[in-house]
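Student: If you scroll down you'll find the structure; I have some questions about it.
The values are calculated or read from the model by the stated rules, or taken from the named source; none is laboratory data. Since we're looking at a predicted model, the values are computed, not measured. Methodologically, a virtual Cβ is constructed for each residue, glycine included, from the backbone with ideal geometry; neighbour enumeration extends over all protein chains shown. SASA here: full protein model, heavy atoms, side chains in, ligands and nucleic acids out. Shrake-Rupley method; radii C 1.70, N 1.55, O 1.52, S 1.80 Å.
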Amino acid sequence: GEDVEQSLFLSVREGDSSVINCTYTDSSSTYLYWYKQEPGAGLQLLTYIFSNMDMKQDQRLTVLLNKKDKHLSLRIADTQTGDSAIYFCAEKDEKLTFGTGTRLTIIP
Amino acid sequence: GAVVSQHPSWVICKSGTSVKIECRSLDFQATTMFWYRQFPKQSLMLMATSNEGSKATYEQGVEKDKFLINHASLTLSTLTVTSAHPEDSSFYICSGGQGARTGELFFGEGSRLTVL
């Protein structure tokens, strides 16, 4: 079946950029997503990218997609304490498959 | 973005009882909704795909008789956990989208079920 992998933890100093990486195996993915989950809460859609694009920028968020290497990244510029959360990447073909989630910790 | 609302946010029940969780799309029509289950510190696992007006499609290993899904209208899908047991305790999250055209999928706030 489809597999989506992420690093489990990332620590970044406040004000620096955070880069969260994700790899996937499904070559038929149509959309790839980044979701944010704060403790005890549901998932908030941050951004998504169509599989024929290689970059998408939305304010502090930049998504890069390398379809050949099946690698997706999310860059958060000027990371703030409110960005502390778990970030899930997900890929969609017929169904949505989630990565393991990356817990982002902000160091003051 | 579009809003998906779940109710209840949390529920505690006794073993052997049934619990119903509602998932509503508030400002769009969702022909398809998805139900996920999340264990502590783990990722989301798709349980089933709920299709309006037809039977749900369950993922391998998910008991359809235990997790009853009904999608009676374009704005409401329900998940009923029948004869709940402590191992069913989990965080259940639904999602819906405006269709393949946009690619956007929005999630509800989640429902935390605790079975005593």
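So that you can scan it fast, the table gives a plain yes or no per residue for (1) away from chain B (no Cβ under 12 Å); (2) small (Gly, Ala, Ser); (3) within 19 Å of A:LYS36 (Cα to Cα):
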| position | (1), (2), (3) |
| --- | --- |
| A:ASN52 | no, no, no |
| A:LEU64 | yes, no, yes |
| A:ALA77 | yes, yes, yes |
| A:GLN80 | yes, no, yes |
| A:ASP93 | no, no, no |
| A:PHE98 | no, no, yes |
| A:ARG103 | no, no, yes |
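Student: Looking only at the stretch B:55-84, which residues are in contact (Cβ under 8 Å) with a residue 40 or more places away in the chain and assigned to a loop (DSSP other than H, G, I, E, B)?
Tutor: Pass one, the stretch B:55-84, residues in contact (Cβ under 8 Å) with a residue 40 or more places away in the chain: B:74-84.
Across the stretch B:55-84, the qualifying residues are B:LEU74, B:THR75, B:THR82, B:SER83, B:ALA84.
Student: I would also like to ask the following. Might you check whether a residue that is exposed (fewer than 13 other Cβ atoms within 10 Å of the Cβ) and under 30 Å from A:SER7 (Cβ atoms) occurs anywhere in the stretch B:44-57?
Tutor: Looking for residues that are exposed (fewer than 13 other Cβ atoms within 10 Å of the Cβ) and under 30 Å from A:SER7 (Cβ atoms), one finds none in the stretch B:44-57, hence no.
Student: Moving on to the next point. Restricting the search to the stretch B:1-25, which residues are open to solvent by less than 30 Å² (accessible area, probe 1.4 Å), within 14 Å of chain A (Cβ to nearest Cβ) and either closer than 18 Å to B:LYS55 by Cα or among the β-branched types (Val, Ile, Thr) (or both)?
Tutor: Hits for the stretch B:1-25 are B:VAL4, B:ILE21, B:CYS23.
Student: Then there is this: Go through the stretch A:63-91 and report how many residues are open to solvent by less than 30 Å² (accessible area, probe 1.4 Å) and assigned to a strand (DSSP E or B). Lay out the reasoning, then the answer.
Tutor: If we filter the stretch A:63-91 for residues that are open to solvent by less than 30 Å² (accessible area, probe 1.4 Å), which is where we start, we get A:63, A:65, A:72-74, A:76-77, A:79, A:83, A:85, A:87-91.
Adding the requirement that they be assigned to a strand (DSSP E or B) leaves A:63, A:65, A:72-74, A:76, A:85, A:87-91.
Summing the residues that are open to solvent by less than 30 Å² (accessible area, probe 1.4 Å) and assigned to a strand (DSSP E or B) in the stretch A:63-91 gives 12.
Student: If you check B:THR49, B:THR32, B:THR78, which single one turns out to be among the β-branched types (Val, Ile, Thr) and either in contact with an Asp or Glu (Cβ under 7 Å, 6 or more places away or on another chain) or over 22 Å from A:PHE88 (Cα atoms) (or both)? Steps first, please.
Tutor: On the way: B:THR49 fails: either in contact with an Asp or Glu (Cβ under 7 Å, 6 or more places away or on another chain) or over 22 Å from A:PHE88 (Cα atoms) (or both); B:THR32 fails: either in contact with an Asp or Glu (Cβ under 7 Å, 6 or more places away or on another chain) or over 22 Å from A:PHE88 (Cα atoms) (or both).
When all the criteria are applied, what remains is B:THR78.
Student: Does A:THR81 satisfy being within 23 Å of A:THR100 (Cβ to Cβ) and of a type in the set (Ser, Thr, Tyr)?
Tutor: On the way: within 23 Å of A:THR100 (Cβ to Cβ): no; of a type in the set (Ser, Thr, Tyr): yes.
No: the conditions fail for A:THR81.
Student: Also, quick follow-up: Conditions: (1) part of a strand (DSSP E or B); (2) under 14 Å from the mean Cα position of the chain (by Cα). B:ALA30 meets all but one. Number of the miss?
Tutor: (1)
Student: Another question, if that's okay. Does the stretch A:27-44 hold any residues that are farther than 11 Å from A:ALA90 by Cβ, over 12 Å from the mean Cα position of the chain (by Cα) and within 14 Å of chain B (Cβ to nearest Cβ), and which are they?
Tutor: Step one: filter the stretch A:27-44 for residues farther than 11 Å from A:ALA90 by Cβ, giving A:27-28, A:30, A:36-42, A:44.
Okay, now just the ones that are also over 12 Å from the mean Cα position of the chain (by Cα), so A:27-28, A:30, A:38-42.
Within the stretch A:27-44, A:SER28, A:THR30, A:GLU38, A:PRO39, A:GLY40, A:ALA41, A:GLY42 qualify.
Student: Still on this structure, I have one more. In the stretch B:37-88, what residues are over 12 Å from the mean Cα position of the chain (by Cα) and of a type in the set (D, E, K, R)?
Tutor: B:LYS41, B:GLU52, B:LYS55, B:GLU59, B:GLU63, B:LYS64, B:ASP65, B:LYS66, B:GLU87, B:ASP88
Student: Can you tell me which residues in the stretch A:1-35 are modelled with pLDDT under 90, in contact with an Asp or Glu (Cβ under 6 Å, 6 or more places away or on another chain) and open to solvent by 70 Å² or more (accessible area, probe 1.4 Å)?
Tutor: A:GLU2
Student: If A:PHE88 meets every condition in (1) under 28 Å from B:SER5 (Cβ atoms); (2) more than 10 Å from the chain's Cα centre (by Cα); (3) touching a residue at least 12 places away in the same chain (Cβ under 8 Å); (4) within 14 Å of chain B (Cβ to nearest Cβ) apart from one, which number is that one?
Tutor: Here A:PHE88 meets the rest and fails (2).
Student: Does the stretch B:85-107 include one or more residues that are within 14 Å of chain A (Cβ to nearest Cβ), loosely packed, with under 12 Cβ neighbours inside 10 Å and part of a loop (DSSP other than H, G, I, E, B)? Break it down into steps so the answer makes sense when it comes.
Tutor: Taking the stretch B:85-107 and keeping what is within 14 Å of chain A (Cβ to nearest Cβ), we get B:90-107.
Those left that are additionally loosely packed, with under 12 Cβ neighbours inside 10 Å: B:100-101.
Going one step further and asking which of them are part of a loop (DSSP other than H, G, I, E, B), we end up with B:100-101.
For the stretch B:85-107, residues within 14 Å of chain A (Cβ to nearest Cβ), loosely packed, with under 12 Cβ neighbours inside 10 Å and part of a loop (DSSP other than H, G, I, E, B): present.
Student: Under the condition of being buried (at least 17 other Cβ atoms within 10 Å of the Cβ) and of a type in the set (Val, Ile, Thr), which residue from the stretch B:63-84 is modelled with the lowest pLDDT?
Tutor: Applying the filter and picking the extreme gives B:THR75.
Student: Take B:PHE28 and decide whether it is surrounded by 18 or more Cβ atoms within 10 Å (Cβ to Cβ) and at pLDDT below 90. If you could, list the steps in order and put the result at the bottom.
Tutor: Working: surrounded by 18 or more Cβ atoms within 10 Å (Cβ to Cβ): yes; at pLDDT below 90: yes.
So B:PHE28 fits the description; yes.
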